[in-house]
Amino acid sequence: MWASRMIKFTWAAIFSFIFIVLALLIISTIIMFIQNPDRIGVTFPERAISDAARLTHRSQNEIDGECSIKGSYFEKSVSCEMTRTQDGKITDTILLEYTLMFDSITSIADTRENLE
């Protein structure tokens with residue numbers, strides 16, 4: 001009799017633990033979406049052009065560049081080399097490095113060089 005109670009308690013504890021872990025994952029995803037909606041479901045090089053324009057305080061029309069993506073769907077590393085041209089001359093180079101998990105940005109690093 002006490003063995004069946006012990007088995008029921010063990011199963012209840014296991015399922016409770018699984019439920020708590022899943023609830024925490026869902027809550028953390030919701031919090032991430034509320035705090036950083038612009039970091040979820042990003043596309044490249046559009047996002048890099050937008051970030052480079054923001055860093056140089058210029059228009060997106062002046063920015064051009066390429067991105068290389070390495071990694072799997074779960075975890076990616078994206079490197080983008082952007083240039084800003086004005087009157088046919090390259091005035092700025094911007095290197096942007098993103099770390100993504102499930103198409104959501106987890107970190108951004110940038111390096112800017114002004115050639116004027």
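The values are calculated or read from the model by the stated rules, or taken from the named source; none is laboratory data. None of the values given here were measured: they were computed from a predicted structure. Quick reminder, even Gly has a Cβ in these numbers, built from the backbone with ideal geometry, and neighbours come from all protein chains shown.
Structure notes:
- Among residues of the stretch 61-73, those that are at pLDDT 90 or above and in contact with a helix residue (DSSP H, G or I) (Cβ under 8 Å, 6 or more places away or on another chain), counted: 4
- Within the stretch 88-100, the set of residues being charged (D, E, K, R) and surrounded by fewer than 16 Cβ atoms within 10 Å (Cβ to Cβ) comprises Lys89, Glu97.
- The single condition among (1) surrounded by 13 or more Cβ atoms within 10 Å (Cβ to Cβ); (2) under 18 Å from Lys89 (Cα atoms) that His57 does not satisfy is (1).
- When Ser79 is tested against the conditions (1) surrounded by fewer than 18 Cβ atoms within 10 Å (Cβ to Cβ); (2) out of contact with any helix residue (DSSP H, G or I) (no Cβ under 7 Å at 6 or more places or on another chain); (3) touching a residue at least 40 places away in the same chain (Cβ under 8 Å), the lone failure is (3).
- Yes/no for Ala13 being closer than 26 Å to Ser107 by Cβ and at pLDDT 90 or above: no
- Of the residues making up the stretch 23-41, those that are among the polar types (S, T, N, Q) and surrounded by 10 or more Cβ atoms within 10 Å (Cβ to Cβ) are Ser28, Thr29, Asn36.
Yes/no matrix, rows are residues, columns are (1) more than 22 Å from the chain's Cα centre (by Cα); (2) surrounded by fewer than 16 Cβ atoms within 10 Å (Cβ to Cβ):
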{"site": "Thr43", "(1), (2)": "no, yes"}
{"site": "Ser50", "(1), (2)": "no, yes"}
{"site": "Gly65", "(1), (2)": "no, no"}
{"site": "Lys70", "(1), (2)": "no, yes"}
{"site": "Glu75", "(1), (2)": "no, yes"}
{"site": "Gln86", "(1), (2)": "yes, yes"}
{"site": "Ser107", "(1), (2)": "no, yes"}
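- The residue list Ser77, Ser50 contains one member that is among the hydroxyl-bearing types (Ser, Thr, Tyr) and assigned to a helix (DSSP H, G or I), which is Ser50.
- Residues (over 23 Å from Gly41 (Cβ atoms), modelled with pLDDT under 90 and assigned to a strand (DSSP E or B)) located in the stretch 85-116: Thr85, Gln86, Lys89, Ile90, Thr91, Asp92, Arg112, Glu113, Asn114
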